[in-house]
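Working notes, beginning with the structure itself.
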Amino acid sequence: MSDERWNELFAALRSNRDRAIVALAISNGARASELLGMKGVDVDWGDQLVRVVRKGAQTEQWLPASAEAFIWVRLYQSEGTPLDPQAPLWWTLRRRDRGAGLIYQPMNYEALRAVFRRANALLETNWSMHDLRHTAALRMARDKRLSLRDVQTILGHAQLSTTADIYLVEDEEQVIARVQEYLADVKERAALPPPSPATGYEASDLDVLFGGELA
């Protein structure tokens, strides 16, 4: 997902809750099930970390998240959702039965899918939470400040080869742009005049060295 497409998707979201969830996903690549399983106690405001239970291994792991993501989480929580540290972090308003009105219920995967259905209908796209995870992974993998081991740890892959096989791919347009830049440099260097020889060498010696004829 390009930055332009990401901005379009984010602008199509209708609530601070939805913005908070996708902002977390794009910053650390956490899976939908991992984010939906978070509780209030799983947010470390001071160190800007969130704790998730990893899919498969079912182990807890703290993950970094962007400052922007924490802003959206704070805005979401300021809207009156339950703040019990041991309760689920994400809530949605639903009607329990006829006449009961709207009540808060923990957000589930189907409710999150509905968020994307609404955004995709508006944008005529087909984005999903997996696209956010994939985008986050590619951004990290292409950043020279992060090692492949760093990316593996954040994504929660058991094997380093999984990270390499899936996410160490090159965008064709980026490859072409780099090769074009390389060819332009080669052409520019070829157009430069040859360097002047250092003093102290005989002209006849230089002719022999560079294929010239002896005087």
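Any read-out appearing in this document is the output of simple, stated calculations on the displayed coordinates, not a laboratory observation. Not measured: the values here are computed from a predicted model. Every residue, glycine as well, gets a Cβ built from its backbone with ideal geometry; the counts of neighbours run over all protein chains shown.
Residues in segment 16-36 include none that are under 24 Å from G156 (Cα atoms) and part of a strand (DSSP E or B). A search for C-beta distances below 9 Å between a residue of segment 47-60 that is more than 13 Å from L35 (Cα to Cα) and any residue that is among the aliphatic types (A, V, I, L, M) and in a loop (DSSP other than H, G, I, E, B), counting only pairs 6+ apart in sequence or on different chains, returns Q48/A65; G56/A158; A57/A158. Checked against the criteria, R118 counts as surrounded by fewer than 20 Cβ atoms within 10 Å (Cβ to Cβ) and either among the acidic types (D, E) or farther than 25 Å from V151 by Cα (or both). Residues of segment 60-83 that are closer than 21 Å to A136 by Cα, surrounded by fewer than 18 Cβ atoms within 10 Å (Cβ to Cβ) and not charged (D, E, K, R): Q61, W62, P64, S66, A67, I71.
Within segment 35-85, being among the small types (G, A, S) and at negative phi holds for G37, G40, G46, A57, A65, S66, A67, A69, S78.
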